[in-house]
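Chemist: After the structure tokens below, expect a handful of questions from me.
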Amino acid sequence: MSKLNLDGLLSNQPLFRHISPFELEGLKKEVVKIELDKGLSLFQKGDTADGCFILVYGLVKLAIPSPSGSDKIIELIRPGQCFGEAMLFLDETYPFYAQALEACLLIRLPKNALFKVLDQSPSIARQMMTGLSYRLLGFIRSVERQSSHNAMQRVVDYLVQLARSQDSSDIRLDLKKNVVASLLNLTPETFSRMLHHLSELGLITVSASRIHIYSLDALHDYPSNHHDGDSTTSTKSRTTSRSLVHSG
């Protein structure tokens, strides 16, 4: 990689946007560029954490492996985000694995080089603390949603947020449905069932990775107006129970 490209990659990252020329000169001698094809792993759970990473482009999932094969995705890393730094401060191994969901370019910062920059630059240290704080807040909100919202509420919230971020009622799922399901702490079957139920109600139509929302307000209000909308299974169970009582 040329000197110009490396300088640009580092200085354009949010973490190093205010880095001094002197600090940049020292840092670029230590960092390593990593290109990762789709489907390849960056590291595995239990590997020694001897560096952190900044994603330049692409998409990376951080997940905890499961013996059943339905790995739990804990976070999706998007361009500009740094990850793996918390384990450096704690001298812990990686508690998750990192895998490329798209072709990726990453910058790896060795532990010693990162600590040196943080010692030299309070602004970079504050920026890293801000990033860690935002991610902690995100985890707390995610746990809150999963503990207080039923399956339908989580699916509806996700679709509404996606529509708002894409500024359109015709939204595109930029992630595979099994990935979305894992992020929402649902099984792929439950996620598909929720989409099908919303389709039957005339709130959305689904065509492959495209979803059309007929009324964003109606979709947003549906879970609060239908507390039993968690799943069609619960409705069918109650119907079956009533039938058995009457037949008895």
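The values are calculated or read from the model by the stated rules, or taken from the named source; none is laboratory data. It should be emphasised that the depicted structure is a prediction, and the values quoted were computed from it without experimental measurement. Positions of Cβ are backbone-derived with ideal geometry, glycine not excepted, and every protein chain shown enters the neighbour counts.
Chemist: Is one or more of the residues making up region 43-64 closer than 25 Å to L183 by Cα, modelled with pLDDT of 90 or more, of a type in the set (S, T, N, Q) and within 15 Å of the chain's Cα centre (by Cα)?
Modeler: no
Chemist: If you check every pair at least six apart or on different chains, which have Cβ atoms under 7 Å apart with a residue in region 118-130 that is over 15 Å from F89 (Cβ atoms) and in contact (Cβ under 8 Å) with a residue 24 or more places away in the chain first and a residue that is surrounded by 11 or more Cβ atoms within 10 Å (Cβ to Cβ) and among the β-branched types (V, I, T) second?
Modeler: Between residues of region 118-130 that are over 15 Å from F89 (Cβ atoms) and in contact (Cβ under 8 Å) with a residue 24 or more places away in the chain and residues that are surrounded by 11 or more Cβ atoms within 10 Å (Cβ to Cβ) and among the β-branched types (V, I, T), the close pairs are S121/I19.
Chemist: Being basic (K, R), at pLDDT 90 or above and closer than 28 Å to N185 by Cα narrows it down to one residue among R135, R78; which is it?
Modeler: R78
Chemist: Just need a number here: residues in region 62-119 that are touching an Asp or Glu at 6+ places or on another chain (Cβ under 7 Å) and on the phi > 0 side of the Ramachandran plot.
Modeler: 0
Chemist: Within region 204-211, does at least one residue satisfy the condition of being among the polar types (S, T, N, Q), modelled with pLDDT under 90 and out of contact with any Lys or Arg (no Cβ under 8 Å at 6 or more places or on another chain)?
Modeler: Within region 204-211, none of the residues are among the polar types (S, T, N, Q), modelled with pLDDT under 90 and out of contact with any Lys or Arg (no Cβ under 8 Å at 6 or more places or on another chain).
Chemist: For region 110-124, which positions are within 15 Å of F22 (Cα to Cα) and assigned to a helix (DSSP H, G or I)?
Modeler: Scanning region 110-124 gives A113, L114, K116, V117, L118, D119, Q120, P122, S123, I124.
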